[in-house]
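This report refers to the structure that appears directly beneath it.
The values are calculated or read from the model by the stated rules, or taken from the named source; none is laboratory data. These figures come from a predicted structure and were not determined experimentally. Glycine gets a Cβ as well: all are built from the backbone with ideal geometry, and neighbour counts include every protein chain shown.
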Amino acid sequence: MSELLKGNFKVRNPVAAEERRPPESLAETQRKRALASIGGSMVYVERTPLNWDGDGDGRKTG
Amino acid sequence: MAKILIVNPVIREEDVPKHIPYGLSLLASIAIAKGHLVQIYDANAWRKGFGVLEQAARADDWDVIAIGGLTTSYGFIKKAVHIFRECAPRAFVIAGGGFLSSMPLEIMGWIPHIDLGIIGEAFVTWPEVLAMLDRGERDFSKTQGVCWRGADGAPHLNEVRPNIKDLDVLPYPAWDLLPLEEVYFPKGSQLYFSEESYTAKRRIDINGSLGCGLICKFCWHLGTTGEMIVEPNEQGVNDVRFTYGRNIRWHSPKYIVGMVKELIRKYQVDFVSFIDENMMTMNAASRGLWLPELCELWIQEGLQPECRRKGVPHDENCRTGVHWSGTSHATLAKKPILDAMFKAGCSHLVYGIESFDPYILKHLGKGTTQKSNVEAVQTCLDSGVRPIPNIIIGFPDESFDSIRTTLTHMVTCGIHSKPHFATPYPGSEWYYTYKNSIIEQYGGELEQFILSLGDASSPTVSISRNFSAMDLLGLQQIMSKRDFRLLDQAEKHWKRTRREDVPLAVPQESFNIIPRKVNAPMEDVARAI
């Protein structure tokens, strides 16, 4: 890895490391790629809990 | 001497980094020449995330951390400045560039950790501020071209700094402080605009001039063109005002060719992109001398590409010389100069065609007509240079008729385009005249509009009398597909269902715009930087 900071002197604490973040999970990677290709039959559904909170069973009456 | 960290913010995150931070690296060069210790962290090139920016802020005991960029980098800058304050509390934070010059009082309010703003052209102000900090001075109330904070933290804007007279006193940018080999050459060299830029392996940006004589209502210059002055507003508070005044300046052909030769010597560049606002208006301002002299010297100094020397089509075997691209204007680009540019190695020229509708063009301040736009495309092609015509939709007077006219001529001229959306960027005339409509469309939150700004390929706010963002998105799609049937259908339905003529955006007069020529100051004599 090249020096991320470039200058006319040597810094006290070199910044050469990649950002320290946990590796991305398969689910995260797949989600990002899927969202980037949304269109037509390419649809993505978030895994978020969904509870019906409308009136009755949602069927039209009357 | 000051220990300085300069940070280039991330911009156009959806694309690979293609453009070096020309202005920031120039300021780095000026600071180095004055004896300061300078480091650049090019966040836009590296794209490493804010964790690495934190490391950069902790890398040394910085006296100054400086950041600047276009308005579209505002979101990054805001977050970055917060990090600077957290990780380097002792550092004096300086901001500058377009994002600040267009609306200094608002920005200083929204980002309270900026200690000092540099407004407009920074070539003289920047080293002067650094020298003051070196001397331990913190009173900037008499310094031209800055927005400083009072004891209560409130921003105060000083008078504008005169533009420098002679651009050739500027050093070359500090290219060594940029990740050219690691990022820009391998990732950002190739451009799809022309065969020559498509085969570029070591492309770099250069700038030959500052300013543009035109007064396009969607465009902005932010003090680098002699169009910005500072005066007390209705509340008696100093604020920026943008005018039709111009201090247009260009580098001598000798300076430019010298810079390219240096780029070959140090980095073996094979393509340079002129990022000038509009090279053809510079040529007009020089009475037609600048570009012919540049082309002549380009060839004389051995920069003419091999294919042009031999008079053969360009291919990947063209190994010597430097191809280049630039910016042009429909009315000002004539065949003789285009021929000379092609001969010297010019591969493509970006034209702000914008529209082919006569009424829209008449009210744009661009000085072009439907005829000049059509002829410009053909004349450019005839010379061998490829035109890159920008198209915009969503102008205040945009209508189905104007869209149809533009699309018809796009097809005739062989233009494939997914048009930009007319966007009132801060600093432009339309930003100030439609500011109230913008604020209304963002529920009273102007900062949210600023955060939403990108490269105008997505709608942010509509300044069109007739069309909402939804309409414009559909029209953009129809134009990119060249689908006249859908356009006819959309118009029929739109006319049938539109109940009343309620304009979506309404222009208003603004303190910040003076629609006439009021020149900002320029130094009388050239002085060394």
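Please enumerate the residues belonging to the range B:78-97 that are part of a helix (DSSP H, G or I) and surrounded by 24 or more Cβ atoms within 10 Å (Cβ to Cβ).
B:Ala80, B:Phe84 - these are the residues of the range B:78-97 that are part of a helix (DSSP H, G or I) and surrounded by 24 or more Cβ atoms within 10 Å (Cβ to Cβ).
Return yes or no: is B:Ile67 in contact (Cβ under 8 Å) with a residue 24 or more places away in the chain and surrounded by fewer than 23 Cβ atoms within 10 Å (Cβ to Cβ)?
Taking the combined requirement at face value, the residue does not satisfy it.
For the range B:155-171, the candidate set comprises residues that are in contact with an Asp or Glu (Cβ under 8 Å, 6 or more places away or on another chain) and not in a strand (DSSP E or B); within that set, the residue that is surrounded by the fewest Cβ atoms within 10 Å (Cβ to Cβ) is B:Lys165. Candidates B:Ala376, B:Ala333, B:Ala340: the one that is assigned to a helix (DSSP H, G or I) and more than 27 Å from B:Ile463 (Cβ to Cβ) is B:Ala340. Residues that are over 25 Å from B:Gly454 (Cβ atoms) and not acidic (Asp, Glu) were ranked within the range B:57-69; the one that is nearest to the other protein chains (Cβ to nearest Cβ) is B:Ala59.
The condition (being among the aromatic types (Phe, Trp, Tyr), under 30 Å from B:Pro253 (Cβ atoms) and within 14 Å of chain A (Cβ to nearest Cβ)) is satisfied by just one residue among B:Phe193, B:Phe185: B:Phe185. Going by the conditions given, is B:Thr72 more than 14 Å from every other protein chain (Cβ to nearest Cβ), of a type in the set (Val, Ile, Thr), over 26 Å from B:Gly150 (Cα atoms) and crowded, with 19+ Cβ neighbours inside 10 Å? So B:Thr72 passes the test. Just give me the residues in the range B:116-154 being assigned to a loop (DSSP other than H, G, I, E, B) and surrounded by fewer than 17 Cβ atoms within 10 Å (Cβ to Cβ), in sequence order. Within the range B:116-154, B:Arg135, B:Gly136, B:Glu137, B:Arg138, B:Asp139, B:Ser141, B:Lys142, B:Gly150, B:Ala151, B:Asp152, B:Gly153, B:Ala154 qualify. Within the range B:26-52, restricting attention to residues that are at pLDDT 95 or above and small (Gly, Ala, Ser), the residue that is farthest from B:Ala2 (Cα to Cα) is B:Ala45. Every condition in (1) buried (at least 24 other Cβ atoms within 10 Å of the Cβ); (2) under 20 Å from the mean Cα position of the chain (by Cα); (3) small (Gly, Ala, Ser) is met by B:Ser347 except one, and the failing one is (2).
Restricting B:Ala174, B:Ala200 to residues that are under 30 Å from B:His314 (Cβ atoms) and either aliphatic (A, V, I, L, M) or surrounded by 22 or more Cβ atoms within 10 Å (Cβ to Cβ) (or both) narrows the list to B:Ala200. Within the range B:8-55, the residues that satisfy the criterion of being hydrophobic (A, V, I, L, M, F, W, C), facing chain A (nearest Cβ under 10 Å), within 25 Å of B:Asp455 (Cβ to Cβ) and touching a residue at least 12 places away in the same chain (Cβ under 8 Å) are B:Ile40, B:Ala43, B:Ala45, B:Trp46, B:Phe50, B:Leu53. Residue-level check: of (1) over 25 Å from the mean Cα position of the chain (by Cα); (2) assigned to a strand (DSSP E or B), B:Gly51 misses just (2).
If you go through the range B:416-446 and keep only what is surrounded by fewer than 20 Cβ atoms within 10 Å (Cβ to Cβ) and either β-branched (Val, Ile, Thr) or on the phi > 0 side of the Ramachandran plot (or both), you end up with B:Ile439, B:Gly443, B:Gly444. Applying the criterion of being in a helix (DSSP H, G or I) and β-branched (Val, Ile, Thr) to the residues of the range B:266-316, the residue that is nearest to B:Cys212 (Cα to Cα) is B:Thr281.
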